[in-house]
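Below you'll find the structure, written out as structure tokens, and then a few comments.
Derivation of every value follows stated rules applied to the coordinates shown; laboratory data play no part. These figures come from a predicted structure and were not determined experimentally. Here Cβ is always computed from backbone atoms with ideal geometry, including for glycine, and neighbour counts include all displayed protein chains.
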Amino acid sequence: MYNVKSMDSNEFIDDAEVLESISEGKRLSKSKAEIDKILEKAREYKGLTHTEAAVLLEIDDDETLERMYRIAREVKEEIYGKRIVLFAPLYLSSYCVNNCKYCGYKCSNNIGRHKLTQEELREEVRALEAMGHKRLLLEAGEDDEICPIDYILECIETIYDEKFENGAIRRVNVDIAATTAENYKKLKDAQIGTYILFQETYHKPTYLEMHKGPKHNYEWHTEAMDRAMLGGGIDDVGIGPLFGLYDYHYETIALLMHAEHLEAVAGVGPHTISFPRLLPAEGVDYDSFPWLVNDRDFKKIVATIRLAVPYTGMILSTRESVDFRNELLEIGISQMSAGSSVGVGGYARKAAVDDGGVEEKPQFNLADHRKPIDVVKGLVSDGYIPSYCTACYREGRTGDRFMPLAKSGQIKNCCLPNALLTFEEYLRDYADGELRLMGQEMIDREINTVPNEKQRARAADYLKKIREGERDLRF
């Protein structure tokens with residue numbers, strides 16, 4: 001049944017094809033020559049098929065793993081350099097009609113629930129802007145009566161309308177439940193950046209077991225990106241399973257098949273892939289999940305996907321610990337959240353309370369509780385360039401206009417200077433004295449590495465103007 005161009009999710013994520021790929025991966029991984037061939041192909045930034053990735057997932061000896069990590073590091077730095085894009089999630093509503101086994105927002109949980117008013121939303125945006133954030137990811141539980149698409153659109157408008165001395169939130173990405181092509185068109189018209197939807201699990205029997213409510217419809221959920229891109233005109237989409245619901249081999253191979261499908265039918269694969277890992281949450285029997293992924297295997301997943309889809313942004317949340325986040329940054333991650341709150345109203349006020357006075361619980365527990373400024377200091381100390389860039393969205397370098405620039409290497413002449421310009425803004429507007437000194441030294445060094453001489457000179461001029469008070473200069 002496998003058909004990469006089919007619009008039926010049961011055919012482009014064909015169970016038999018996934019299982020055959022797992023079996024083939026086990027067989028081919030016994031051949032050192034086969035592993036060498038795949039790793040050398042990956043080193044040329046050509047990407048890998050889902051079957052080739054299946055071979056890498058079977059690697060278990062430390063020497064070969066370290067080789068794979070070295071190559072993943074090479075690939076990541078060749079394409080993304082040392083830039084790390086920063087963002088924050090913003091939860092709008094914790095009301096949900098689904099009863100998903102793994103989620104703290106499931107409707108059977110007796111928790112306080114809240115939906116932000118527009119004034120509360122403004123308070124959240126002010127708090128986030130004060131941290132230096134310019135890019136937000138909107139999150140909401142699924143409840144079409146309490147949290148309809150019109151409410152989401154109103155929230156987007158409110159966020160973009162908020163203006164500050166140091167500018168505004170420049171890009172809103174959206175993670176809401178699968179919806180209609182018409183609603184995706186509305187999100188497109190509202191000028192969202194990326195539409196993100198986590199698959200949770202590609203294994204259909206597990207998906208059906210995990211979900212009760214509207215989300216139980218596997219096909220509607222799995223085919224959402226087709227509706228978003230082909231029906232709604234959204235250029236950039238983000239995908240990713242919740243690792244820990246089912247066998248990570250299955251999830252990773254199916255994820256890459258989904259990416260291949262989007263490339264085949266929409267002309268461009270996912271703009272981002274996220275790496276959420278199942279965590280404890282209110283009312284969730286964490287120990288009852290048999291497929292939890294340990295750190296060793298999770299690191300292997302990240303490296304494999306970086307090699308398979310070299311030009312795709314890879315996102316890591318504050319679910320992971322500080323030390324482990326640093327490990328994953330080296331081998332593939334290019335975007336990360338900072339200072340995250342995963343509860344409604346968690347930035348401006350620490351707990352939303354329902355009419356009965358019950359304290360609201362977050363969707364899941366976090367591991368990295370650092371303030372954004374401390375995340376930035378950690379990145380700079382490790383040689384990374386914090387980036388608050390949103391230029392590609394606003395300059396129209398999205399979808400099939402972004403990927404050719406990325407694959408030809410030309411995007412570096414935009415991405416590096418834009419990262420430095422936005423970091424300079426951050427230093428001027430939000431940093432303390434310690435970070436300002438650290439960051440200034442980094443910017444003065446890195447500006448000389450912009451490949452194109454004219455772009456380098458222009459970037460230096462823009463930096464001078466930012467230091468004199470101008471803002472939002474970009475390539």
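Can you give the FRET efficiency to the nearest 0.05 for R122 and D374, using r as the Cβ-Cβ distance and R₀ = 30 Å? Numbers along the way, then the final one.
Numbers: r = 26 Å, r/R0 = 0.86.
Computed FRET efficiency for R122 and D374 comes out at 0.70.
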The chain: Cys lacking any partner C-beta under 4.7 angstrom:
C96, C107, C147, C155, C389, C392, C414, C415
Could you give the nm distance between label points at E182 and A264, where each point is 7 Å from its Cα heading toward the beta carbon?
3.1 nm
Structure-based [θ]222 nm, the chain - -39500 (n - 2.57) summed over DSSP H runs of at least 4, per residue, nearest 500:
-14000 deg cm²/dmol
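Starting from 0.36 nm per residue, how many nanometres of slack lie between E66 and K5 once their C-alpha separation is accounted for? Walk me through the numbers on the way to the answer.
Values: separation 61, 0.36 × 61 = 21.96 nm, distance 3.56 nm.
Residue separation times 0.36 nm, minus the Cα-Cα distance, leaves 18.4 nm.
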Report the charge-dipole magnitude of region 385-467 in Debye, nearest 20, computed about the Cα centre from +1 at each Lys and Arg Cβ and -1 at each Asp and Glu Cβ.
400 debye
Excluding residues on the same chain fewer than 8 positions from K186, give the lysines whose Cα lies under 28 Å from its Cα.
K5, K106, K115, K134, K163, K212, K215
Between region 85-110 and region 456-475, what is the C-alpha centre distance in whole Å?
40 Å
Magnitude of the Cβ-charge dipole (Lys and Arg +1, Asp and Glu -1) of region 101-195 about the Cα centre, nearest 20 debye, reported as 440 debye
Lys, Arg +1 and Asp, Glu -1 on Cβ, resulting dipole of region 212-331 about Cα centre, debye, nearest 20
60 debye
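Could you tally the net charge around H271, taking each other residue with its Cβ under 10 Å from the Cβ of H271, Lys/Arg +1 and Asp/Glu -1? Kindly include the intermediate steps, with their values, before the conclusion.
Working: positive: none; negative: D235, D236.
With Lys, Arg at +1 and Asp, Glu at -1, the net is -2.
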Assuming 1.002 mPa s and 20 °C, estimate D for region 142-189 with Stokes-Einstein, Rh taken as the Kirkwood radius over Cα pairs, in µm²/s.
179 µm²/s
How would you classify region 1-106 from its alpha-carbon gyration tensor, with a ≥ b ≥ c the square roots of the eigenvalues: rounded for a/c under 1.5, else prolate if a/b is greater than b/c, otherwise oblate?
oblate
